[in-house]
Amino acid sequence: MAFTSPFAKAASKPGHGSIVVALLPPDTPVLRTLSYQYPLKLVAPDPLPPSGHDDKDGSTAPSLVHTVFLLTYGGGIVAGDSIDLAVRLETGTRLVLLTQGSTKIFKTADPSMVSIQKMTVTVAPNSALVYLPDPVQPFAQTAFSQSQIYNLENEEGSLCVCDWVTSGRSARGENWDIYEYKSRNEVWTSGDKAKGIKETRLLLRDNMILDKHGQTGIPLAERMDGYSVFGTLIIRGTVFAHLSKFFVDEFEALPRIGGRDWGDSVSPDLTPKEQRRLDRQQREKTNGVVWSAANVRGFVLVKFASREVEGSRNWLRDMIREEGSILGAFGERAVLCLK
Amino acid sequence: MSTTDSDQQSLKDEIADLERRLQDAKSRLSPSDAIETLPTLANDAALHALFLLSDSALPLGSFAFSSGLESYLAHHRPSPPSASQVPSFYAFLRLSLSTLASTALPYVLAGYRSPEDIETLDNDFDASTPCTVARRASIAQGRALLTVWDRSFKTQYAGSTTANGRSETEGKAHTSAVEILTSFSKDLRTSSHLNAHLAPLWGVVTNVLSVPLRDSAYLFLFSHARTVISAAVRASVMGPYQAQSVLAGAELQKRIRGLVEEGWNKKVEDAGQSVPVMDLWVGRHEKLYSRIFNS
C-alpha cells in the first residue's frame with residue numbers, strides 16, 4: 001500500500017540552494033527566499049542599513065543591505081560534491097555575498113571525479129551585487145570546476161564580483177599540485193526583443209583552465225611564473241561607476257616598467273592621496289603584487305596576481321578602502337573576506 | 001570520437017604510404033620514362049591558397065605586435081643584464097602558443113565549420129578577450145584580413161561556385177560562405193556590435209579559400225609562432241638564423257600538431273585562458289617605459 005506523505009515534497013535537491021531578494025512595498029528589501037540543502041549552507045545575518053547615505057547622486061538606494069554567507073559543511077568541498085545556487089536580485093535591491101574562509105577543495109582519489117560548484121545570479125535593473133569572497137584553495141590532487149553566471153536584465157544592474165584562486169596549502173609545500181581547476185565567470189544580458197536585438201547576448205566571459213593540456217611540457221607550477229594567487233575582479237554598472245574609474249586611474253598612475261628615476265620627477269609636496277598611492281605602490285612592490293585594469297565592453301576588468309595570498313588580499317582591501325564607495329553603500333561587512 | 005579520429009588518421013597514413021609505394025614501384029618499372037602523376041586540381045587550388053595565406057607579405061600587420069613578448073621580457077630581466085634571453089624566450093613561445101590554442105583556436109575551427117555563426121562567434125570572442133591590448137591586436141589583424149579578402153581575394157574566389165572540382169552541395173556552401181563574408185564586411189561599417197576578430201574570420205576565409213581545416217588550424221598557430229619569433233629577432237633576443245632554426249624545428253612541428261589535435265573537438269564555450277599570467281603580461285604592456293611594438 002502506497003503511503004502518501006501529508007507534507008509537501010521538499011523541492012530542494014542535494015547541494016541546491018536559492019536566494020531571492022525582493023522589495024516589499026514601499027521600499028523595504030526582504031529575503032523572500034533562502035533555501036539550501038546539504039552540503040550547501042546559507043546563513044543570513046540581520047540586514048544592516050548602509051553606513052554612508054550618499055544622496056548626492058540622487059539614487060534610490062535601498063534602506064537595508066542584505067548579506068548572505070555561502071558555506072559548506074566541513075568548510076570545504078569533498079570530491080564529487082556538486083553545489084548549485086540560484087540567486088535573484090529584484091529591482092531596487094542590494095545584496096552582499098560572502099564566504100567564511102577560503103573554499104577548500106579536498107583531495108580526490110580519482111582525477112576524473114570533478115567536484116562542481118555552480119552559481120547563477122539574475123540581476124534586475126537598479127539592483128546591485130557585491131561578491132568579494134575568500135579565495136578558492138584547491139589542495140594537491142584535486143579536480144574542481146566552478147562557474148558563476150550573471151544575467152543582467154536589459155544590460156542594467158550593477159556588479160562587483162571577485163574570483164580568485166590560490167596554489168594550495170603553501171605551508172605544506174603545495175604549489176599548484178592540482179589535477180585540474182576550472183573557473184568560469186560569464187555575464188549575459190537578456191535584451192529587448194522588440195528592438196530586434198537577440199534574446200540573450202554574452203557580454204563577458206572569463207574562463208580559466210588549469211589542467212595538463214597545452215603541449216607546453218612545462219609543469220603547472222612553473223607555468224604560473226612563481227605566483228601563488230590569481231584573481232579577477234569584474235565591475236560594472238552605475239552603482240560602481242566611481243570604483244571602476246578608480247581602478248583604471250590607479251592603473252594609469254602606476255610607474256612605468258623599466259623606467260628610471262632621474263631624480264627630477266619628485267615633487268616635494270605630495271597630497272595625502274598621492275602619499276597613500278605611493279605607499280600602496282611600495283607595498284605592491286614588496287608583496288610582489290602585479291595587476292592590470294582594462295575597460296572592456298562596459299566593464300572594468302581587473303586582473304591581479306601575487307606571490308602570497310596576503311599580498312593580494314591586502315592590496316584588494318587597500319584599493320577598495322581607499323576608494324570608499326562600497327563601504328559607503330554596502331557597509332563594512334562587504335569587505336569582511338578581505339580582512 | 002578519439003578512436004574514429006585515430007582510425008581516420010591511420011587510414012590517411014596508410015593511403016600516403018600506399019601512394020608512396022606506388023610511385024616507388026612505377027619509378028623502378030622503367031626509370032627512363034617514369035610516369036609523373038599529376039595531383040588533382042582541388043589539391044592544387046588549396047595549396048595555392050595556403051601559400052597566399054602563409055606569405056609573410058600578406059598585409060595583416062602582424063609585425064606590429066609581439067603578443068606580449070616585449071612585456072614578458074621586461075618582467076623577466078636577466079641577471080646579469082648581459083645573460084642570454086633565449087631560454088626565457090623558449091618558455092614564452094610555448095606558453096604563448098598554448099594560450100592561443102586554448103583561447104582562439106576553437107573560434108578558428110567554429111568559424112570554418114559554421115560560417116553562418118560569424119556574428120555570434122565575433123561577439124563571444126570579443127567578450128572573452130579580457131585585455132584591451134590583445135583585443136586591439138586581434139581586431140587590427142581581423143580587419144586587415146577582411147580587407148585583403150575584399151580587395152584581393154574576392155574577385156578570384158567569390159564567383160566560381162562549381163569550379164575547382166567542387167560538387168554542387170559544396171558549391172552551395174561556398175556561395176553562402178562568400179555571401180556571409182560580404183555581408184559581414186558591409187555590416188562592419190555600420191554596426192557598433194561587430195568587431196572583426198582574427199580567429200573566427202580566419203576560419204571563414206580559409207573555408208572560402210578551400211584550405212583543408214587541419215591545414216587552416218595548423219597555419220593559424222604557425223603564423224603566430226612566426227610572428228612571435230620574428231618579434232624576438234627585432235627585440236634582439238636572437239639572430240635571424242637561430243630564429244629560422246626554431247621555426248624549422250621538429251619540436252615546434254610536434255607542438256603545433258599536438259595543439260591542433262587537442263583542440264579539434266573543443267567547443268567555443270570551453271575556450272579559456274590556460275596561462276593566467278599571460279593576461280597580465282599582455283595587459284601590462286601599456287605600462288612599459290619604452291616599447292617597440294604595439295602590443
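Taking only region B:81-126 into account, find how many residues are over 27 Å from B:Glu261 (Cβ atoms), free of Cβ contacts under 8 Å to residues at least 60 places away in the same chain and hydrophobic (A, V, I, L, M, F, W, C).
Residues that pass the stated criteria total 1.
Quick one: would you say B:Leu259 is in contact with a helix residue (DSSP H, G or I) (Cβ under 8 Å, 6 or more places away or on another chain) and within 7 Å of chain A (Cβ to nearest Cβ)? First the steps, then the outcome.
Numbers: in contact with a helix residue (DSSP H, G or I) (Cβ under 8 Å, 6 or more places away or on another chain): yes; within 7 Å of chain A (Cβ to nearest Cβ): yes.
Yes.
For A:Phe246, are the conditions met, namely being more than 8 Å from chain B (Cβ to nearest Cβ) and surrounded by fewer than 21 Cβ atoms within 10 Å (Cβ to Cβ)?
yes
Could you tell me whether any residue of region A:311-325 is in contact with a Ser or Thr (Cβ under 7 Å, 6 or more places away or on another chain), surrounded by fewer than 17 Cβ atoms within 10 Å (Cβ to Cβ) and away from chain B (no Cβ under 11 Å)?
Looking through region A:311-325, none of the residues is in contact with a Ser or Thr (Cβ under 7 Å, 6 or more places away or on another chain), surrounded by fewer than 17 Cβ atoms within 10 Å (Cβ to Cβ) and away from chain B (no Cβ under 11 Å).
Residue by residue, here is whether (1) crowded, with 22+ Cβ neighbours inside 10 Å; (2) touching a strand residue (DSSP E or B) at 6+ places or on another chain (Cβ under 7 Å); (3) in contact (Cβ under 8 Å) with a residue 40 or more places away in the chain; (4) not aromatic (Phe, Trp, Tyr) holds:
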| position | (1), (2), (3), (4) |
| --- | --- |
| A:Lys107 | no, no, no, yes |
| A:Asp110 | no, no, no, yes |
| A:Met113 | no, yes, no, yes |
| A:Ala140 | no, no, no, yes |
| A:Leu152 | yes, yes, yes, yes |
| A:Glu174 | no, no, no, yes |
| A:Ser183 | yes, yes, yes, yes |
| A:Trp188 | no, yes, no, no |
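Here's the yes/no breakdown for (1) in contact with a helix residue (DSSP H, G or I) (Cβ under 7 Å, 6 or more places away or on another chain); (2) farther than 30 Å from B:His193 by Cα:
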{"position": "A:Gly298", "(1), (2)": "no, no"}
{"position": "A:Ala305", "(1), (2)": "yes, yes"}
{"position": "A:Leu316", "(1), (2)": "yes, yes"}
{"position": "A:Ile320", "(1), (2)": "yes, yes"}
{"position": "A:Ser325", "(1), (2)": "yes, yes"}
{"position": "A:Phe330", "(1), (2)": "no, yes"}
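Give me the pairs, please: first residue somewhere in region A:308-336 and among the aliphatic types (A, V, I, L, M), second residue anywhere and crowded, with 17+ Cβ neighbours inside 10 Å and modelled with pLDDT under 90, beta-carbon distance under 6 Å, and either six or more positions apart or on two chains.
If the second residue must be crowded, with 17+ Cβ neighbours inside 10 Å and modelled with pLDDT under 90, the pairs left are A:Ala329/A:Pro50.
Can you find a residue in region B:4-15 that is modelled with pLDDT under 75, part of a helix (DSSP H, G or I) and among the β-branched types (Val, Ile, Thr)?
Yes - at least one qualifying residue is present in region B:4-15.
Could you check region B:243-286 and list, in sequence order, the residues that are of a type in the set (A, V, I, L, M) and loosely packed, with under 14 Cβ neighbours inside 10 Å?
Answer for region B:243-286, where residues must be of a type in the set (A, V, I, L, M) and loosely packed, with under 14 Cβ neighbours inside 10 Å: B:Ala248, B:Ala250.
Hey, does region A:201-219 have a residue that's assigned to a helix (DSSP H, G or I) and within 12 Å of another protein chain (Cβ to nearest Cβ)?
The answer is no; no qualifying residue exists.
So which helices (runs of 4 or more DSSP H) are wholly in region B:84-194 and hold at least 1 residues that are surrounded by fewer than 17 Cβ atoms within 10 Å (Cβ to Cβ) and within 13 Å of another protein chain (Cβ to nearest Cβ)?
Working: elements: B:86-103, B:105-113, B:118-127, B:132-148, B:154-157, B:168-190.
Fully inside region B:84-194 and qualifying: B:86-103, B:118-127, B:132-148.
Does region A:156-164 include one or more residues that are at pLDDT below 95 and within 13 Å of another protein chain (Cβ to nearest Cβ)?
no
Spot the failing condition for A:Ala293; the list is (1) small (Gly, Ala, Ser); (2) closer than 24 Å to A:Ala128 by Cβ; (3) assigned to a helix (DSSP H, G or I), and only one is missed.
(3)
Please find, within region A:19-64, the residue that is modelled with the lowest pLDDT out of those that are of a type in the set (Lys, Arg) and either assigned to a loop (DSSP other than H, G, I, E, B) or over 21 Å from the mean Cα position of the chain (by Cα) (or both). It would help to see each step written out before you state the result.
So in region A:19-64, the residues of a type in the set (Lys, Arg) come out as A:32, A:41, A:56.
Subsequent filtering for residues that are either assigned to a loop (DSSP other than H, G, I, E, B) or over 21 Å from the mean Cα position of the chain (by Cα) (or both) retains A:32, A:56.
On the way: A:Arg32: 93, A:Lys56: 47.
Checking each candidate, the answer is A:Lys56.
Exactly one condition in (1) touching a residue at least 40 places away in the same chain (Cβ under 8 Å); (2) of a type outside the set (Gly, Ala, Ser); (3) outside any loop (DSSP other than H, G, I, E, B); (4) away from chain A (no Cβ under 13 Å) is not met by B:Leu247; state its number.
(1)
Go through region A:268-290 and report how many residues are part of a helix (DSSP H, G or I) and either on the phi > 0 side of the Ramachandran plot or hydrophobic (A, V, I, L, M, F, W, C) (or both). Full working, then the answer.
Taking region A:268-290 and keeping what is part of a helix (DSSP H, G or I), we get A:272-287.
Filter once more, so that each one left must be either on the phi > 0 side of the Ramachandran plot or hydrophobic (A, V, I, L, M, F, W, C) (or both): A:278.
Number satisfying all stated conditions: 1.
Pull up region B:29-83, narrow it to residues that are part of a helix (DSSP H, G or I) and among the aromatic types (Phe, Trp, Tyr), then point me to the one that is modelled with the lowest pLDDT.
B:Phe63
Considering only region B:74-127, how many residues are within 24 Å of B:Ala235 (Cα to Cα), within 21 Å of the chain's Cα centre (by Cα) and of a type in the set (S, T, N, Q)?
3
Among what's in region B:250-288 and is in contact with a strand residue (DSSP E or B) (Cβ under 6 Å, 6 or more places away or on another chain) and not in a helix (DSSP H, G or I), pick the residue that is nearest to B:Pro200 (Cα to Cα).
So the residue we want is B:Gly272.
Identify, by number, the condition in (1) facing chain A (nearest Cβ under 8 Å); (2) closer than 30 Å to A:Glu250 by Cβ that B:Ile292 doesn't meet.
(1) is the only condition that B:Ile292 fails.
Six or more apart or on different chains, Cβ under 8 Å: which pairs go from a residue in region B:166-188 that's touching a residue at least 12 places away in the same chain (Cβ under 8 Å) to one that's among the small types (Gly, Ala, Ser) and in a helix (DSSP H, G or I)? Could you list them?
Pairs that qualify, where the first residue is touching a residue at least 12 places away in the same chain (Cβ under 8 Å) and the partner is among the small types (Gly, Ala, Ser) and in a helix (DSSP H, G or I), are B:Arg166/B:Ala42.
Please give the strands (runs of 3 or more DSSP E) falling wholly within region A:76-188 in which 2 or more residues are more than 30 Å from A:His213 (Cα to Cα) and among the small types (Gly, Ala, Ser). Steps first, please.
Details: elements: A:82-89, A:94-99, A:103-105, A:115-123, A:128-131, A:136-138, A:143-153, A:158-166.
In region A:76-188, no matching strands (runs of 3 or more DSSP E) lie anywhere.
The values are calculated or read from the model by the stated rules, or taken from the named source; none is laboratory data. It should be emphasised that the depicted structure is a prediction, and the values quoted were computed from it without experimental measurement. No Cβ is skipped: glycine too gets one built from the backbone with ideal geometry, and neighbour counts run over all protein chains shown.
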